[in-house]
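Note sheet for the following structure.
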Amino acid sequence: MISLLDYGAGNVRSVVNALEKLGETVNIISCGEDIQRADRLVFPGVGSFGSMMQILRDKKYVDPLQAYLRSGKPFLGICLGLQALFEKSEEAPGIAGLSIIPGAVRRFTVDLAVPHIGWNGIKVKKPSRLFAGMQGDEKFYFVHSYHVAPASRESVLTTTDYGYEFVSAIQQGNIIATQFHPEKSGRAGLALLENFLGDTREAVIPRACPEKTELAKRIIACLDVRTNDRGDLVVTKGDQYDVRENGDVRNLGKPVELAGRYYEEGADEITFLNITGFRDFPLKDMPMLEVLERTSRNVFVPLTIGGGIRDYTDKDGRHYSALQVASEYFRSGADKISIGSDAVLIVEQVLKSGKATGMSSIEQIARVYGNQAVVISIDPRRVYTEAPDSVAHETIRTRFPGPEGEQYCWYQCTIKGGREGRELDAVTLAKVCEQLGAGEILLNCIDKDGTNSGFDLELINAVKNAVSIPVIASSGAGNASHFLEVFVATRAEAALAAGIFHRREVSIGEVKEYLHDKVDTRKI
Ligand code: 1PR
């Protein structure tokens, strides 16, 4: 039996799933006495430092936790569960941490995208049983804007490079804590968790630790999901967003099975988009919740879910906030949620009124679950224009002139799955969403979707150059070389594809093999 501290702020289901996969029975802590009684404790922190410490205080967990940590019993902290061990954090000035390890938590000061999201390596600084049987060149999944800075090097177990070298795991006696998420780090992460559980393993420094670690470019598989005319939930795929062929919704497989296949093939992340979420309320018969629950039992890489995340009033007048919808998704196994149509409407409102309300879905979800948990999915389409100043939008000079020879274009945001164009451009949308607290941009392109003709590099550069959060390039991948092209010609942190993977035209493994030696990716 292993105890797990869940203070109710995010996706702990994946940690429970990973521990259960390894044969453990998990006891969820529900009071301070449970902490005292625990023999082994896992603390997966989620959300923000300030709200975490507040909840721990309100629940009267701080004293028993400190007593547990001083008892010498095994402890594994994950992400904020590592940061909590320190005295203070720049994320919440004036709020004390558990102060078990001298030092502070600092925000990244790098000229790179923050949050630091994705798969990065580790440099092991002292022997630990955590690494028994490992090569040392494995990558683990990180998602954070702050990192710990211990006062002394004694407790440092691993470091990682992101702009500069930061501490990515600590070990002090039986206290082990990692900034990365083992429960989201595929096979390597499960092996590390197993080593934590098997406390008789020999302490080692793996042989092939890198001298410098690198954040891998991520390859993401995307599953557009909807109910077909027979009422079956299917993975479908559009051709410039038209998912019907001879009148029927294209059926490319079942969501849970397909996600499992992509995990095995080496996808670094999996995204589900409930593409009719804008018209069906996602919590009504909850098929996507079940998809997430079932997927997260066997898939140990990050899961994103989008579609229908917005405020909603049902036919009986009952109101649901976007935050409630998102919370259900997080509880069911999602690590990030993605907001499409609602983001466009929010930004229009902010631009009109000149200020943010603090109450939009983006702001509320980012406040509770952290910026990294909020992805903005943009569905833009090209609109050509003759001169950059003839429209009130961010335009670009294009290498692919329009039908009338127009040299310029802007990218019009759409809502409702591309059905409705709005007077807002993708660059402005991305910038405002970043200011509101979004942590990542999923950048689709209606013109390119399903065409197999390669990513829209001009669009990706225009958006990437306007924001400092990570950008996922999406739409148009037709072969492995398109992935190389997007990583060489733009600074996108990740590339997403759907059709070529669903139709088995190119596998994720083949993409990674092609990129080998050219672009750093996570090895399968
Ligand atoms: O607006 O918050 O309810 O979210 C709806 C979500 O559903 C949005 O993220 C929107 O992108 C998505 N969506 C809505 N309609 C469609 C459609 O196809 N008819 N799919 C749709 C968007 C685009 C990508 C696709 C890539 C890669 N699909 O997700 O996977 O273009 O495809 P490719 O590699 O085959 O070219 P809300």
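The values are calculated or read from the model by the stated rules, or taken from the named source; none is laboratory data. This one's a predicted model, so the numbers in the text were calculated from it and none came from an experiment. Note that we place each Cβ from the backbone using ideal geometry, even for glycine, and neighbour counts take in every protein chain shown. Protein only, heavy atoms only, side chains kept; ligands, DNA and RNA dropped before computing areas. Shrake-Rupley method; radii C 1.70, N 1.55, O 1.52, S 1.80 Å.
Calculated translational diffusion coefficient of the range 92-156 (10 °C, 1.306 mPa s; Stokes-Einstein with Kirkwood radius over alpha-carbon pairs) equals 111 µm²/s.
Of the beta bridges in the range 31-170, as assigned by DSSP with both residues counted there, near 75 percent are antiparallel. Each other residue within a Cβ distance under 14 Å of E257 adds +1 if Lys or Arg and -1 if Asp or Glu, for a net charge of +1. Per residue, the range 82-168 exposes 35 Å² of accessible surface when a 1.4 Å probe is rolled over the protein heavy atoms with every protein chain present. Taking every protein chain into account, the accessible area of the range 242-378 amounts to 41 square angstrom per residue (probe 1.4 Å).
For the range 174-195 and the range 419-457, what is the centre-to-centre distance using only Cα atoms, to the nearest Å? One Cα centre to the other: 34 Å. In this structure, L351 and K60 have a Cβ-Cβ separation that, at R0 = 41 Å, corresponds to a calculated FRET efficiency of about 0.35. Taken one residue at a time, the phi angles of the range 426-436 give Karplus couplings (6.51, -1.76, 1.60, θ = phi - 60°) of 4, 5, 5, 4, 4, 4, 5, 4, 4, 4, 6 Hz. Gly and Pro are set to x. In this structure, the amide hydrogen of W119, modeled 1.01 Å from its nitrogen in the peptide plane, lies closer than 5 angstrom to those of F142, A216, counting only residues at least 5 positions away or on a different chain. The distance linking the range 200-237 with the range 303-382 is 24 Å (Cα centroid to Cα centroid, whole angstrom). Averaging the sequence gap over all C-alpha pairs within less than 8 Å and six or more residues apart, then dividing by the number of residues, gives the chain a relative contact order of 12 percent. Put simply, the amide H of A494, placed in the peptide plane, has neighbours under 5 Å in R218, V471, A473, leaving out anything fewer than 5 places away on its chain. Using the average count of surrounding beta-carbon atoms within 10 Å as a protection proxy, the listed peptides 489-500, 192-203 rank, highest first, as 489-500, 192-203.
Of the Cα atoms belonging to the range 459-524, the radius of gyration and Dmax stand at 12.0, 35 Å. Bridge orientation summary for the chain: considering DSSP beta bridges with both residues in this region, about 50 percent are antiparallel.
Taking amide H atoms as placed 1.01 Å from N in the peptide plane, the amide H of G103 lies under 5 Å from those of E87, A151, each 5 or more residues away in sequence or on another chain. Computed over the Cα atoms of the range 379-480, the ratio of the radius of gyration to the Kirkwood radius (Rg/Rh) comes to 0.95. For the peptides 301-309, 140-148, 51-59, the ranking by mean Cβ contacts within 10 Å, running from highest to lowest, is 301-309, 140-148, 51-59. Relative to the 2.2 N^0.38 Å rule of thumb, the range 177-224 has a C-alpha radius of gyration ratio of 1.48. What is the calculated FRET efficiency for S468 to R503, with r their C-beta to C-beta distance and R₀ = 51 Å, to the nearest 0.05? Approximately 0.90, to the nearest 0.05. Ignoring ligands, DNA and RNA, what percent of the 1.4 Å accessible area of the chain is carbon and sulfur? Result for the chain: 46 percent of the exposed heavy-atom area is carbon or sulfur. Between the C-alpha center of the range 89-168 and that of the range 1-66 there is a gap of 20 Å.
Taking only the Cα atoms of the range 292-439, the radius of gyration and Dmax are 17.5, 53 Å.
Per residue, the accessible area of the range 381-439 comes to 50 Å² when a 1.4 Å probe rolls over the protein heavy atoms. Classify the range 187-317 as rounded, prolate or oblate from the Cα gyration tensor: take a ≥ b ≥ c as the square roots of its eigenvalues, call it rounded if a/c is under 1.5, otherwise prolate when a/b beats b/c and oblate if not. It is prolate, given that a/c is not under 1.5 and a/b is the larger ratio.
Using the Cα gyration tensor of the range 412-461, with a ≥ b ≥ c the square roots of its eigenvalues, what is the shape: rounded (a/c below 1.5), prolate (a/b larger than b/c) or oblate (neither)? The shape class here is oblate. Counting only the backbone N, which residues of the range 1-28 are under 20 Å from the spot 7 Å out from the Cα of N298 toward its beta-carbon? Inside the label zone: 13-24.
On the beta carbon distance between N461 and E165, with R0 = 45 Å, the FRET formula returns roughly 0.95. The Rg/Rh ratio for the chain is 0.97, where Rg is the radius of gyration of the alpha carbons and Rh is the Kirkwood radius. Heavy-atom accessible area, probed at 1.4 angstrom with all protein chains present, ranks R218, R226 as R226, R218, highest first.
Ranked by the mean number of other Cβ atoms within 10 Å of their residues, highest first, the peptides 204-211, 471-478 come out as 471-478, 204-211. Compared with the direct C-alpha span, the chain from C31 to E404 gains 127.4 nm at full extension, assuming 0.36 nm per residue.
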